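A.B. asks: Mind looking over this structure? Questions follow.
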Amino acid sequence: MNFSRDALKASITDGLLSFPVTDFDAHGQFDAESYRRRLAWLKDYDVSALFVAGGTGEFFNLTLDEYREIVTIAVEVLGGHVPIIASAGQSAELAKAHAKAAQDAGADGILLMPPYLTECPQAGIVEYAASVCESTELGVIYYNRANGVLDVDGVKALAERCPNLVGLKDGKGDMQSLNITIKTLGERLAYVGGVPTAEIIAEAYLAIGVSTYSSAVFNFVPALAVKFYRALREGDHAFVRRVTQEFFIPFVGLRDTTKGYAVSLIKAGAGLVGYPAGDVRAPLVMPSAQELETLRRLIEHAERL
């Protein structure tokens, strides 16, 4: 661990956040050398923290051994440069194993994913998250999404119980609920925008005090992702509007044609710019040839923007 909890919290309070894809070879196995090259390439761009084995990194499809290797490589390549935050989740006990593996590998924090269960009561979600927080010395960011959404009382209870809870990542896009949570807990937590293609509602996030978000498109248009973030923070409304209209809205339209394309299109885009990461694992699917051509044209336009 290279960053304290306070430093971790500061890193996710301000600045763009990177969520790299995970590299697989032609046989669908983790490709460590390709992953190293990817991280070395992305290191040249200005981000505040690196979230490895996240949703864009197909955390849900990794073995524990693969996960451990991914975090280890990230720490070797970028440890000390920016905080390394690794995912944990699926079940309470497996999430604890993820947290231990990440801590042993030298990670700086944990992004706690929702539990794997069809339905969860609020008290159960709090207990799930608290049990993982209490199992690790690392700072934890809770990912509020899917079947694991905590309301304001749940977030407050978790924050009061777990001093190492440093942040809340929003994966729902419910601005009313998020604003109530922010206004209730204030600076106790850092708040991160985390809906798919978060740039599409970045202006709304900023309006309620969420000044950072996870950028999946950073994987294939990193220069544009950084420039868009800076324009947003500097109040360059004309540039933000133009990029939203000419890149993000068409991209979201393509993304929404097929479930899972929030990940698949990102991997495809990485390949189109010369950093192939292999195919996604089932149950996700890769884009069609026609969709790849649409994405290629979007990337070419992004470079002009």
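The values are calculated or read from the model by the stated rules, or taken from the named source; none is laboratory data. These numbers come from a predicted model, not from an experiment. Positions of Cβ are backbone-derived with ideal geometry, glycine not excepted, and every protein chain shown enters the neighbour counts. Heads up: the accessible areas ignore ligands, DNA and RNA and are worked out on the full protein's heavy atoms, side chains in. Shrake-Rupley method; radii C 1.70, N 1.55, O 1.52, S 1.80 Å.
A.B. asks: Toward the positive end of the charge dipole of the chain, about the Cα centre and with charges on Cβ (Lys, Arg +1; Asp, Glu -1), which of 67, 158, 266 goes farthest?
C.D. replies: 266
A.B. asks: A further question on this structure: Treating the beta-carbon of each Lys and Arg as +1 and of each Asp and Glu as -1, no other charges, what is the dipole magnitude of the chain about its Cα centre, to the nearest 20 debye? Write out the running numbers ahead of the final one.
C.D. replies: Details: 28 positive and 37 negative charges, 99 e Å.
Value, rounded to 20: 480 debye.
A.B. asks: Which aspartates and glutamates have a Cα less than 15 Å from the Cα of residue 267, not counting those fewer than 8 places away in the same chain?
C.D. replies: Within the straight-line cut-off, residue 267 pairs with 23, 25, 31, 58, 279, 291, 293.
A.B. asks: With point charges of +1 on the Cβ of Lys and Arg and -1 on the Cβ of Asp and Glu, referenced to the Cα centre of the chain, which listed residue (120, 218, 239) lies farthest in the positive direction of the dipole?
C.D. replies: Farthest along the dipole direction, towards plus: 239.
A.B. asks: Of all beta bridges DSSP finds with both residues in the chain, what is the antiparallel percent, to the nearest 5?
C.D. replies: Numbers: 1 of 28 bridges.
Antiparallel bridges make up about 5 percent of those DSSP assigns within the chain.
A.B. asks: Give, rounded to the nearest 20 debye, the magnitude of the charge dipole that region 57-182 has about its Cα centre when Lys and Arg contribute +1 at Cβ and Asp and Glu contribute -1 at Cβ.
C.D. replies: Numbers: 8 positive and 17 negative charges, 41 e Å.
Rounded to the nearest 20 debye, it is 200 debye.
A.B. asks: First compute the accessible area of the chain with a 1.4 Å probe, then give the percent of it belonging to carbon and sulfur atoms.
C.D. replies: 52
A.B. asks: Continuing with the same structure: Tell me what the chain gives for mean residue ellipticity at 222 nm when only DSSP H runs of n ≥ 4 count, each as -39,500 (n - 2.57), the sum divided by the residue total, rounded to 500 deg cm²/dmol. The partial results should precede the final answer.
C.D. replies: Numbers: 13 runs with 141 residues, N = 305.
It comes out at -14000 deg cm²/dmol, rounded to the nearest 500.
A.B. asks: Consider just the alpha-carbon atoms of region 56-186 and return their Rg together with their Dmax, both in angstrom.
C.D. replies: 14.4, 40
A.B. asks: Using only the Cα atoms of region 33-88, what do you get for the radius of gyration and for Dmax, in Å?
C.D. replies: When restricted to the Cα atoms of region 33-88, Rg and Dmax are 10.7, 30 Å.
A.B. asks: Another question, then. A 21 angstrom limit on the alpha carbon distance is what I want to check against. Which of 156/183; 96/259; 9/227; 96/169 exceed it?
C.D. replies: On the way: 156/183 11 Å; 96/259 29 Å; 9/227 23 Å; 96/169 19 Å.
Too far apart for the 21 Å limit: 96/259; 9/227.
A.B. asks: For residue 221, what accessible area in Å² do you get when you roll a 1.4 Å probe over the heavy atoms of the protein chains, rounding to the nearest 10?
C.D. replies: Counting only protein heavy atoms, residue 221 exposes about 10 Å² to solvent.
A.B. asks: Then there is this: Going by Cα centres, region 25-97 and region 279-305 are how many Å apart?
C.D. replies: Answer, in whole Å: 22.
A.B. asks: Then there is this: Give the peptides 160-171, 287-298 in descending order of average Cβ contacts within 10 Å, highest first. Walk me through the numbers on the way to the answer.
C.D. replies: Numbers: 160-171: 20.3, 287-298: 14.8.
Result, highest mean Cβ count within 10 Å first: 160-171, 287-298.
A.B. asks: Report the one residue of 292, 35, 142 whose Cα lies farthest in the direction of the positive end of the charge dipole of the chain (charges on C-beta: Lys and Arg +1, Asp and Glu -1; origin at the Cα centre).
C.D. replies: 292
A.B. asks: Same structure, new question: Calculate I(q)/I(0) for the chain by the Debye formula, one identical point scatterer on each C-alpha and no solvent, and give its log10 at q = 0.07, 0.09, 0.13 Å⁻¹ to two decimals.
C.D. replies: Per q value, in the given order, log10 I(q)/I(0) is -0.24, -0.40, -0.88.
A.B. asks: So how strong a dipole does region 139-252 carry about its Cα centre when Lys and Arg Cβ are +1 and Asp and Glu Cβ are -1, to the nearest 20 debye?
C.D. replies: Numbers: 12 positive and 11 negative charges, 29 e Å.
With only Lys, Arg, Asp and Glu charged at Cβ, the dipole is about 140 debye.
A.B. asks: What whole-number value in Å² describes the accessible area per residue of region 221-305 for a 1.4 Å probe? Could the numbers behind the result be given before it?
C.D. replies: On the way: 4250 Å² over 85 residues.
Averaged over the residues of region 221-305, the accessible area is 50 Å².
A.B. asks: Given region 1-115, what percent of its DSSP beta bridges are antiparallel, to the nearest 5? Please report the intermediate quantities before stating the final value.
C.D. replies: Details: 1 of 12 bridges.
Just about 10 percent of them are antiparallel.
A.B. asks: Which cysteines in the chain lack any other cysteine whose Cβ sits under 4.7 Å from their own Cβ?
C.D. replies: Flagged as lacking a Cys partner: 120.
A.B. asks: Near residue 83, within a Cβ-to-Cβ distance under 12 Å, what is the net charge of the other residues, with Lys and Arg +1 and Asp and Glu -1? Provide the component values of the computation, followed by the final result.
C.D. replies: Details: positive: 5, 9; negative: 6, 108.
Overall, the nearby charge balance is 0.
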